[in-house]
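Asks: Once you've had a glance at the structure underneath, I'll fire off some questions.
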Amino acid sequence: MNWLWKKKKKIDNMIDQDLSLIPPDSPKEKLLEIIFLKLGSLADIITVFSKIKEEKPVFLNVSELKDKDFERAKQLVKKLVEYIKGNLGGDVFGIGSDYLLITPSNIKIKPVYHEEEEIENFGENPR
């Protein structure tokens, strides 16, 4: 049991040393604000565009519109992706079948798998 105590003490000392390297008065960086929105209509798409132009990432819930009118939701998502990527230089990444992460041009999404595959399979059951 004594060896365990010594090991814990050594780890505690390492943590204290690492934390001591951080200056206590370091300036606070500007926080990144992520906007959460629901897609219900075309007006919501315009809100997404304005937030992306303000360089704020948007986490978009498309489930409500998708459940009401799947074809309309698919059409709006396609237009949104084309505009964000083509006109604003941003990224769009599908998360599951109900959410999109939309980022401005100053934030790039690096998916583990191919991004286009997620958008093409929008609305389908996840693998």
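Asks: Does any residue in region 62-74 that is under 17 Å from residue 48 (Cα atoms) come within less than 7 Å, Cβ to Cβ, of a residue that is in a helix (DSSP H, G or I) and among the basic types (Lys, Arg) six or more places away or on a different chain, and which pairs are these?
Replies: Going by the 7 Å Cβ cut-off, the qualifying pairs are 65/72; 73/66.
Asks: Just for region 28-39: of the residues that are at pLDDT 85 or above and part of a loop (DSSP other than H, G, I, E, B), which one is surrounded by the fewest Cβ atoms within 10 Å (Cβ to Cβ)? Before the answer, list the steps.
Replies: Start the filter on region 28-39 by keeping residues that are at pLDDT 85 or above, which leaves 33-39.
Pick out the ones that are also part of a loop (DSSP other than H, G, I, E, B) and you get 33-34, 39.
Working: 33: 10, 34: 12, 39: 25.
Among those residues, the one meeting the criterion is 33.
Asks: Oh, and also: Out of region 40-55, which residues are touching a Leu at 6+ places or on another chain (Cβ under 8 Å) and more than 17 Å from residue 85 (Cβ to Cβ)?
Replies: Scanning region 40-55 gives 40, 41, 42, 44, 47.
Asks: Right, another one. Got a sec? Which of 82, 71, 55, 64 is surrounded by fewer than 16 Cβ atoms within 10 Å (Cβ to Cβ) and part of a loop (DSSP other than H, G, I, E, B)? Lay out the reasoning, then the answer.
Replies: On the way: 82 fails: part of a loop (DSSP other than H, G, I, E, B); 71 fails: part of a loop (DSSP other than H, G, I, E, B); 64 fails: part of a loop (DSSP other than H, G, I, E, B).
After ruling out the rest, the residue left standing is 55.
Asks: Of all residues in region 86-98, which are surrounded by 15 or more Cβ atoms within 10 Å (Cβ to Cβ) and either within 17 Å of residue 35 (Cβ to Cβ) or more than 12 Å from the chain's Cα centre (by Cα) (or both)?
Replies: First pass over region 86-98, keeping only residues surrounded by 15 or more Cβ atoms within 10 Å (Cβ to Cβ): 88, 90-94, 97-98.
Hits for region 86-98 are 88, 90, 91, 92, 93, 97, 98.
The values are calculated or read from the model by the stated rules, or taken from the named source; none is laboratory data. All values reported here derive from a predicted model rather than from experimental measurement. Here the Cβ is made from the backbone with ideal geometry for all residues, glycine too, and neighbour counts use every protein chain on show.
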